[in-house]
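Have a look at the structure below, then the notes.
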Amino acid sequence: MAVQTAKIMGLVSAVAAEAVESMRGGGNITDSSGGVKLAGSSGSQHRASAWVRASHGAIDNAVKDQEWNGHSYLMMIGADYRFNNMFCAGLGLSYSRFDARTEFNKGTMTHDTFGINPYLVIVPHKNFNLEVVAGANWSNEKGDRRLVTDVRGVPGAENVDNKFNYSTKGNTVFGGIFANFINTAGKANYGLQVGYLMSQKKLNSHSETSADARYAYQAKKVPSNTFKVGTVTGRIKAGYQLTPSVSPYVVLNAQYDAQRNEGVKYSNGKSYEVSRSAFGGGTGISYRGDDSMSGSLEFDYLQRSKLKMYVTGIRLHYGF
C-alpha cells in the first residue's frame, strides 16, 4: 500500500492542480501543487477546461530479504467546470502501468490499473481553499517467482529451477480532504497544505501455479486481503514569479500512516512491510502562455525508510 498511497497522492496532486487552474478567474489562488496566479494577471475567465497529465516513477526497495525495483507509468485526462468564484468540480480518468523486478525471489510483478477520480475545490477566501478528492481504481495484477537450488556435488541431491506464477484482481477506493493556506509577497509565493487521505484496497484470493508439477506443493496460497490506510500529509511550497509566464518552485512534503493495515498474508510465507513515515521534496516550473494554455513540469522524491520513489510529471491545461 505504500506505493499505492504514493500513486493516489500523485492523482490528488494532478486533479488539484487542474482545478486550481480553472479557479484562476475567481481571485488570487494557488495551491501546493504548483498552480499559481500570475502577478498582475486578471485570471482566466474560462468556465470549462480540459487537461492531460503524464508521469513516470522509478521505485527502489532495499529492505533486506524484500529487495525489488520497478517503474510506474501514469496517464490522466480530465475536465472540470467552474460554477462561480467559489466552487469548481471536475472528473479525471486514469490508466497506470506498474512493472517491477522482485530481486528477493528472482521474479516479476505487473499491474494494469484503470481509475475514475471526481474532485471539488472550494475557495472561501483568496488565501485559503479546500480540495476534496475521491476515486476508485480497478487493477489486473500478475507476477512470478523462481525457486532455484544448486546442489551440485551433493550425492543424490537434485538441482531445481522452477517458476511459480499468479494472476489476480484488486480494487481500491479512496477519499481525502486537503486544506491550502497561501500567500504572496511581491513576486514570491508560499503555500502550506495539510490533509488526510483514506484508502482501502481489496485483493482477491489467488493461488500460484507451478511450472513443474513436482513442486506444486510449494505454491503459495493467498487469501483475500483488505488493506486500510489513513495517511496524514503535509506539504510546503515556495515559488518565484521569474517572468510573467514562468514560475519555478520548490516543495517539501511528508506523510505518516496514522492508520495502517499492511502486509500481504500468505498461508506459507512472510508478510511484506514498509515504514509508516515518508519524507521528500522536489522542484518544478509552472508556465502560462496565455489565458487558455498553461502547464507544469515537476520532479519529486519520496522515501519511506529504504523504499525510495522518484517521479517526473508533466501536465497541460486548456480553458475554453
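Of the residues making up the stretch 232-268, those that are open to solvent by less than 60 Å² (accessible area, probe 1.4 Å) and either at pLDDT below 90 or in a loop (DSSP other than H, G, I, E, B) (or both) are Gln241, Thr243, Ser245, Asp257, Ala258, Asn261, Glu262, Gly263, Val264.
For every residue, the table says whether it meets (1) of a type outside the set (A, V, I, L, M); (2) at pLDDT below 95.
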position: Asp161; (1), (2): yes, yes
position: Asn165; (1), (2): yes, no
position: Asn171; (1), (2): yes, yes
position: Ile177; (1), (2): no, yes
position: Gly186; (1), (2): yes, yes
position: Leu192; (1), (2): no, yes
position: Lys201; (1), (2): yes, yes
position: His206; (1), (2): yes, yes
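Cβ separations smaller than 7 Å between residues 6+ apart or across chains give the following pairs from the stretch 162-182 residues that are more than 12 Å from Glu131 (Cα to Cα) to residues that are among the aromatic types (Phe, Trp, Tyr) and surrounded by fewer than 15 Cβ atoms within 10 Å (Cβ to Cβ): Asn162/Tyr215; Asn171/Trp138. Looking across the stretch 73-86 at every residue that is open to solvent by 80 Å² or more (accessible area, probe 1.4 Å) and either modelled with pLDDT under 90 or more than 22 Å from the chain's Cα centre (by Cα) (or both), the one that is nearest to Asp144 (Cα to Cα) is identified as Tyr81. Restricting attention to the stretch 211-231, the residues that are charged (D, E, K, R) and either loosely packed, with under 14 Cβ neighbours inside 10 Å or touching a residue at least 60 places away in the same chain (Cβ under 8 Å) (or both) add up to 3. Within the stretch 282-320, the set of residues being farther than 14 Å from Pro248 by Cβ, acidic (Asp, Glu) and open to solvent by less than 60 Å² (accessible area, probe 1.4 Å) comprises just one member, Asp300. Candidates in the stretch 269-296 are the residues that are among the hydrophobic types (A, V, I, L, M, F, W, C) and within 30 Å of Lys201 (Cβ to Cβ); of these, the one that is modelled with the lowest pLDDT is Val274.
For Asn162, the requirement of being over 22 Å from the mean Cα position of the chain (by Cα), closer than 30 Å to Asn85 by Cβ and assigned to a strand (DSSP E or B) is not met.
The values are calculated or read from the model by the stated rules, or taken from the named source; none is laboratory data. For clarity, every value in this text was computed on a predicted model and none was experimentally measured. Glycine gets a Cβ as well: all are built from the backbone with ideal geometry, and neighbour counts include every protein chain shown. Just the protein is used for accessible areas: all its heavy atoms, side chains included, with ligands, DNA and RNA removed. Shrake-Rupley method; radii C 1.70, N 1.55, O 1.52, S 1.80 Å.
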